[in-house]
Amino acid sequence: MKRNQTRIIVGTAISAAAIAVAVDHTRQRLPEPEKQLAGQEAVIIINEGEALPGENNDDCVKSVSSGRRASPCSL
Amino acid sequence: MRLLALLQEMAAKRTNAVLTLLGNIDHLEAEHHYPESSLSFAENRWRAFYHCHETTVIHPKEHGHFHIFTDIGNRIWAHVAGLSIDHEGQPIQWFTVNRWVTDGPWLERDTFPAQLKHAATDDKEGNLVARWLVALLQINRDALSGLLIERDEQLQLNLKGRSKVEALHDRDIYTLATQSIDLQSMLENHLLHKPPRTPARTLNV
């Protein structure tokens with residue numbers, strides 16, 4: 001009896017077609033970005049005698065968005 | 001093999017890394033970071049976020065890009081590279097940018113291989129997008145090392161009598177080096193040992 005007439009190949013066969021199918025099926029349209037929402041305006045109530053926001057401390061005026069304008073891709 | 005397995009996992013769900021990351025958001029907002037607090041992975045030694053710009057175009061076919069950072073010690077994050085994604089969620093290009101764009105310390109290119117070893121410890125059960133990013137970083141280890149070399153060479157060429165620190169803050173220099181990605185060719189090269197289709201490497205300032 002010829003033992004080597006048939007061979008069973010165990011494992012996963014990787015082919016160019018398998019790669020192409022995997023890549024192709026991940027081609028899915030992404031949603032279009034909308035423009036950045038404008039900063040929300042807020043009403044600030046200041047009691048008589050209180051300092052205006054940012055009047056005494058420049059650091060308070062610095063915002064996250066201004067930081068990102070300076071370095072638009074920072075963490 | 002790992003990258004292919006991850007792609008097959010996404011393919012089965014008819015999704016991709018960006019759609020997975022975005023989840024069920026109603027509106028994709030330009031300039032916003034996704035996820036907002038960034039994605040931590042590789043035992044919190046790496047971080048990344050995805051965003052789209054309103055005006056800046058890194059690649060003509062780009063939808064948006066990932067920015068990938070690594071912890072160089074004491075939770076100080078250095079930018080490693082950007083990864084441009086097209087409108088169908090496919091990676092199309094690695095790029096590096098000038099320091100002012102991402103802020104933080106300048107990643108010394110010699111430290112990159114050691115930093116990447118930390119990413120190799122990523123949890124196999126972790127976030128799918130994080131595992132996809134790690135797999136892409138690892139399969140492109142040599143290309144990224146080359147990109148960082150080109151980044152530094154390009155910066156050197158643009159010193160023009162200035163100090164390196166001055167050049168790193170020059171807002172006329174945005175992208176420093178780019179490296180095209182052909183995902184299918186890349187996988188065929190790694191898994192089937194097919195010669196890669198030569199990617200176009202360009203330098204932009």
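No value in this document is a laboratory result; all are computed from the given coordinates. This one's a predicted model, so the numbers in the text were calculated from it and none came from an experiment. With ideal geometry, Cβ positions are generated from the backbone for all residues, glycine too; neighbour counts draw on all protein chains shown.
If you add up the charges near A:R29, with Lys and Arg at +1 and Asp and Glu at -1, over every other residue whose beta carbon is less than 13 angstrom from its beta carbon, what do you get? It would help to have the intermediate numbers written out before the result.
Details: positive: A:R27, B:R14; negative: A:E32, B:D86, B:E88.
Neighbour charge sum, excluding A:R29 itself: -1.
Which value at 222 nm does chain B reach when only helices count, each DSSP H run of 4 or more adding -39,500 (n - 2.57), with the total divided by all residues and rounded to the nearest 500 deg cm²/dmol?
Values: 8 runs with 73 residues, N = 205.
-10000 deg cm²/dmol, from helical runs alone.
What is the angle, in °, between the Cα long axis of helix B:183-192 and the longest principal axis of the Cα atoms in chain B? Nearest 10 is fine, range 0 to 90.
Tilt relative to chain B: about 70 degrees.
Using only alpha carbon pairs under 8 Å that are at least six residues apart, calculate the relative contact order of region B:1-158 and give it in whole percent. Walk me through the numbers before you get to the answer.
Details: 217 pairs, mean separation 32.8, N = 158.
Reported relative contact order: 21 percent.
What does the charge count around B:S40 come to, taking other residues whose C-beta lies under 10 Å from its C-beta (Lys +1, Arg +1, Asp -1, Glu -1)? Intermediate results must be reported in sequence, preceding the final value.
Details: positive: B:R45, B:R47; negative: B:E43, B:D71.
Local charge sum for B:S40: 0.
FRET efficiency for B:A5 and B:R197, Cβ-Cβ distance as r, R0 = 25 Å, nearest 0.05? Each step should come with its number before you reach the end.
On the way: r = 23 Å, r/R0 = 0.92.
Approximately 0.65, to the nearest 0.05.
Between A:A70 and B:A120, what's the calculated FRET efficiency when r is the beta-carbon distance and R0 is 41 Å? Round to 0.05.
Values: r = 34 Å, r/R0 = 0.83.
With R0 = 41 Å, the Cβ-Cβ based efficiency is 0.75.
Convex hull over the alpha-carbon atoms of region B:55-125: what's its volume per residue in Å³?
Working: hull volume 8.6 nm³, N = 71.
Cα-based convex hull of region B:55-125, divided per residue, equals 120 Å³.
Please say if chain B is rounded, prolate or oblate, where rounded means a/c under 1.5 for a ≥ b ≥ c the square roots of the C-alpha gyration tensor eigenvalues, and otherwise the choice is prolate for a/b larger than b/c and oblate otherwise?
Values: a/c = 1.45, a/b = 1.34, b/c = 1.08.
Because its axes are fairly even, with a/c under 1.5, chain B counts as rounded.
Charges at C-beta only: +1 for Lys and Arg, -1 for Asp and Glu. How large is the resulting dipole of region B:1-152 about its Cα centre, in Debye rounded to 20? Each step should come with its number before you reach the end.
Working: 14 positive and 20 negative charges, 89 e Å.
I would put it at about 420 debye.
Considering chain B as a Gaussian network with a 10 Å cut-off on Cα pairs, which listed residue, B:R47, B:R99, B:R171, attains the greatest mean-square fluctuation?
Residue with maximal mean-square fluctuation among B:R47, B:R99, B:R171: B:R171.
Roughly speaking, what is the stretch gain from B:D103 to B:H53, that is 0.36 nm per residue apart minus the C-alpha to C-alpha distance, in nm to one decimal? Mind dumping the intermediate values first?
Working: separation 50, 0.36 × 50 = 18.00 nm, distance 1.69 nm.
Gain on stretching B:D103 to B:H53: 16.3 nm.
Net charge within 13 Å of B:L183 by Cβ-Cβ distance, Lys/Arg positive one each and Asp/Glu negative one each, not counting B:L183 itself?
Details: positive: A:R27, B:R197; negative: A:D24, B:D86, B:E88, B:D182, B:E188.
Neighbour charge sum, excluding B:L183 itself: -3.
Could you list B:M1, B:M186 so that the one with the fewest beta carbons within 10 Å of its beta carbon is first and the one with the most is last?
Numbers: B:M1 12, B:M186 21.
By the 10 Å Cβ count, ascending: B:M1, B:M186.
List B:R151, B:R75, B:R109 from most exposed to least, where exposure is judged by having the fewest other Cβ atoms within 10 Å.
B:R75, B:R109, B:R151
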